[in-house]
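Structure first, commentary second.
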Amino acid sequence: MQIIVKGRHMDVAPRVREYAEEKIGRIAKILNGVLMSAEVELYVEKNPSIADGQVAEVTVYTKGPVIRAKEASSDMYAAIDLVSEKLETQVRRYKTKMVDRHTKGAPLPEAVPLTPRSRRSPRS
């Protein structure tokens, strides 16, 4: 799995990069091989009237749909935490839907005890 962390009009500090990779890496464990790649984009809103100017956007490319989440906070670490929680909820919903479609929503059959087959008597 490939995780790309990039900044829009800013340099991403190595600590922030590692933190984002760690948080998004948890999502890879949930998807178990369905995840192809993830792209994390971090940026700062320059408008002074916006209180939560630190923004984190994540795009997850799977074998099925593309899953996206965006969150903003006053701290970049908090924005990454919020976006990872939101993304985890979406990924769990997607995986549950995948499992339900695979099993057709039917409950698993109960085990039936095997009994020895009775022998038939030959016809005369």
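The values are calculated or read from the model by the stated rules, or taken from the named source; none is laboratory data. This structure is a prediction, so every number in the text was calculated from the model and none was measured. Note that each Cβ is placed from the backbone with ideal geometry, even for glycine, and that neighbours are counted across all protein chains shown. In case anyone asks, the SASA skips ligands and DNA or RNA and just uses the protein heavy atoms, side chains included. Shrake-Rupley method; radii C 1.70, N 1.55, O 1.52, S 1.80 Å.
Structure values in brief
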item: Straight-distance crosslink candidates among lysines, where the alpha carbon sits under 23 Å from K86 and sequence neighbours closer than 8 are dropped; result: K6, K23, K29, K63, K70, K95, K97
item: Of all DSSP beta bridges in segment 1-55, antiparallel share, percent nearest 5; result: 25
item: Segment 23-96, accessible surface, carbon-and-sulfur percent (1.4 angstrom probe); result: 49
item: Placed amide H near I3: partners under 5 Å, 5+ positions off or other chain; result: A38
item: FRET efficiency for K95 and M10, using Cβ-Cβ distance with R0 set to 30 Å, rounded to 0.05; result: 0.35
